[in-house]
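See structure below.
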Amino acid sequence: MIQLQSFTRISDYEWEIPRTFRQDMRVPVRVFASRRLLENALGDKSIEQAVNAATLPGLVGRVVVMPDVHQGYGFPIGGVAATRYPEGVISPGGIGYDINCGVRLLATTLEVGEAEPYFKDLIRALDEYCPSGVGAEGGMRLSEAELDQACREGARWAQKRGMASEQDLRRTEEGGCLDGADPTKVSKRAKERGRSQLGTLGAGNHFLEVGIVEQVFDAHAAGAMGLLEGCLTLSIHCGSRGFGHQICTDYVQELQGAVNRYGIRLPDRELVCAPLDSPEGQAYLAAMRAAANYAFLNRQLLAHQARLAFEAVLAGKVANWHLHQVYDIAHNIGKIETHEIDGQRVKVCVHRKGATRAFGPGAPGLPEEYARVGQPVLVPGSMGTASWVLVGTEESMMRSFGSSCHGAGRVLSRNAAKRSVRGEQLQRELEADGILLRAGSMAGLAEEAPSAYKDVDEVVETVCGAGIARKVARLRPLLVVKG
Amino acid sequence: MRSSRTGDRGYLEIAHTADWALHVWAPDLKALLITAAEGMYTLLGVVTDPSQPVQQHLALEAIDAESLLVAFLNELVFQLEERWAFWQFDLEVKGTQLEGELTGARVIGQSKEIKAVTYHDLAIQKGERGLEVTVVFDV
């Protein structure tokens, strides 16, 4: 039983469970949380899941837990774990079924007052141009050869077809394409699922959100991102759809046998894994990268479709409706990166599950315009609450494998959320607060009620208080399309 | 919380912060698989059109009973995405192999989506009610 007394307090925002807490732990667990958020996390199995994750072979440093943590399956959502490359393991469950689920933020120089008369048309158009909901299919059905190409190229596939700009790609994590993706390591079934779902949002907690830049905290960083107070933004939250779900499903199943072959003992079968340098580990890595590229492309296509929706509604009516890319980040992914651990530069596989990369100023791979300010970290709220734009810091590089939080984090189960509010009532309440909403299902909407989530402002205060991110701007929602 | 009890088998939804969990019990493995499938369809709010029937042959083999359960339910998740759901399962389960015919119909309504069936804390155990298991779904 894990209790508050099980932790050593490091600071107001950091707590640690030592490696000695449980015999099978290989590294400590470091939790970034205020005392209140930590007590909150002890209400479900999140911390126990983090302790389970701390048993994986080849771990280095510590397992890191973000303040938006909540119970998942295998790993907690909001967990970061790094394994030594290439002899450590890679765990599909440590990345999640929605491989490269992530967030893209676009911004405008369009002031809210100028666009407001067209809001109802705009939300209708976004809903029409960006298919969402259960079983949604997009406007394109790729052949298997086209899908393979798309998986190798990621967002570049869209650029070749006039649906992405050079800036879009430059301002996407890894340029929107992970090297080493190999579609031959992807099952026929995953490809069947992936062929018709590009350019779709999906269901659950995925969304499109038009917001307003309510407050800027760092004018220099906001300037580099083109975020202007009072102007509209667009956020896109989704991932690799059935394609990624099937790849993870296939490998979680396949690796059940691999753990026995490699003599790996695990406290939870969902943590199944294989050494990175094994044939099984290499195959999953290549397939996972294909799914990650699919997701980068999916968000790129949704951005293109959202731009068409903006154009259809606003062209000729407002001075400038153009949506420029701020950044696109993954929050369910495994990446090979080099980090400093105990004074040594070590190549590792960083598993981020419900955690965002948050590279600080000067880190490799950032576009020139963000090299001095740090990588944008996009933290969506929960429909009725704020979203945040942060940047990574030098501290995040040292203390959290260059990672930060990914959202507010659930606190109520889906049933408890539905018991607390009905979808129709929630829609009326949000509209009274000036937030227009379109949702695939009222029951699904109630499950995603703002009250089901932690206070995103408190989560952000925690990561900023701990020094692993810095505030740039706060966004307020205006229009929300939920799957 | 959704639940169902039919004779010696049934399922009960269990609270989970982000995802769904279903506790299932039945006298044997075959009945456990079928009951889990029925529970999953209920969670998903699946509605079918009986005027568009379908029958499919299914054969699965797994390394253990838990893996067979996960593979079976994931097969149904995939079929659901293809817009087919099944209500009659003429299955033969031998050890960790399964083979048989599924009878169902075209899906015309579904309120929720499951990404995958997970292995999280998955263990089929013998209890007072025969076999019992808790399955966690990623939603």
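If you plug each phi of the range A:330-335 into the Karplus form 6.51 cos²θ - 1.76 cosθ + 1.60 with θ = phi - 60°, what whole-Hz ³J(HN,Hα) values come out, in order, with x for Gly and Pro?
Taking θ as phi minus 60°, the curve returns 8, 10, 9, 6, x, 10 Hz for the range A:330-335.
Could you let me know the centre-to-centre spacing of the range A:150-165 and the range A:406-480, using Cα atoms, in angstrom?
32
Amide H neighbours of A:THR393 under 5 Å, at least 5 residues apart or on other chains, H built in the peptide plane: list them.
Result for A:THR393 returns A:GLY360.
How many times 2.2 N^0.38 Å is the alpha carbon radius of gyration of the range A:259-373?
Ratio of Rg to 2.2 N^0.38 Å for the range A:259-373: 1.49.
Sort A:HIS324, A:HIS237 by Cβ crowding within 10 Å, fewest neighbours at the top.
The most exposed by this proxy come first: A:HIS324, A:HIS237.
One quarter of the convex hull surface, Cα atoms only: what value does that give for chain A in nm²?
20.4
Rounded to whole Å, give me the distance from the Cα center of the range A:194-245 to that of the range A:1-64.
Measuring centre to centre over Cα atoms gives 31 Å.
Once label points are set 7 Å from the Cα along Cα→Cβ at both A:ASP179 and A:ASP342, what is their separation, rounded to one decimal in nm?
Placing both labels 7 Å beyond Cα along the Cβ direction yields 2.9 nm.
Lys/Arg Cβ at +1, Asp/Glu Cβ at -1, dipole of the range B:3-138 taken about the Cα centre: which of B:LEU98, B:GLN55, B:SER3 is farthest positive-ward?
In the range B:3-138, that residue is B:SER3.
At R0 = 22 Å, how high is the FRET efficiency between B:ARG83 and A:ALA443 if r is their beta carbon distance? Nearest 0.05 is fine.
0.60
Round to the nearest 10 and give me the degree value, 0 to 90, for the angle of helix A:119-129's Cα axis relative to the longest principal axis of chain A.
Value to nearest ten degrees: 60.
Only Cα pairs within less than 10 Å get springs; with that Gaussian network setup on chain B, which residue of B:ILE124, B:ILE63, B:ILE14 has the largest fluctuation?
B:ILE63
Can you pull the three principal axis extents for the Cα set of the range B:3-138, in Å, largest first?
40, 36, 29
Which whole-number percent is the relative contact order of chain A (Cα, under 8 Å, 6+ apart)?
It rounds to 22 percent for chain A.
Tell me the relative contact order for the range B:1-110 as a rounded percent, counting alpha carbon contacts under 8 Å between residues six or more apart.
Dividing the mean separation by the residue count of the range B:1-110 yields 27 percent.
Between B:GLU92 and A:GLU214, what FRET efficiency follows from the Cβ-Cβ distance if R0 is 45 Å, with the result rounded to 0.05?
After rounding to 0.05, the efficiency reads 0.15.
What lysines sit close enough to A:LYS317 to cross-link, taking a C-alpha to C-alpha distance under 27 Å and skipping anything fewer than 8 places away on the same chain?
Answer for A:LYS317, where 27 Å is the Cα cut-off: A:LYS120, A:LYS482, listed by chain and number.
Compute the Cα gyration tensor for the range A:139-194, then decide on rounded, prolate or oblate, letting a ≥ b ≥ c be the square roots of its eigenvalues: rounded whenever a/c is under 1.5, prolate when a/b is larger than b/c in the other cases, and oblate in all that remain.
oblate
Kindly flag which residue pairs out of A:LYS191/B:LYS30; A:LYS45/A:LYS335; A:LYS188/B:LYS94; A:LYS347/B:LYS115; A:LYS353/B:LYS115; A:LYS188/A:LYS347 have an alpha-carbon separation exceeding 23 Å in this structure.
With Cα atoms farther than 23 Å apart: A:LYS191/B:LYS30; A:LYS45/A:LYS335; A:LYS188/B:LYS94; A:LYS347/B:LYS115; A:LYS188/A:LYS347.
What does the charge count near A:VAL60 come to, summing +1 for each Lys or Arg and -1 for each Asp or Glu among other residues with Cβ under 14 Å from its Cβ?
Net local charge, A:VAL60 excluded: +4.
What is the spin-label model distance, in nm, from A:GLU144 to B:ASP28 if the labels are put 7 Å beyond Cα along the C-beta direction?
Once both label points are built, they end up 3.9 nm from each other.
Read the figures in this text as sums done on the coordinates, not as results from a lab. Predicted model only: the values in this text are computed from it and were never measured. Note: ideal-geometry Cβ built from the backbone for every residue, glycine included; neighbour counts use all protein chains shown.
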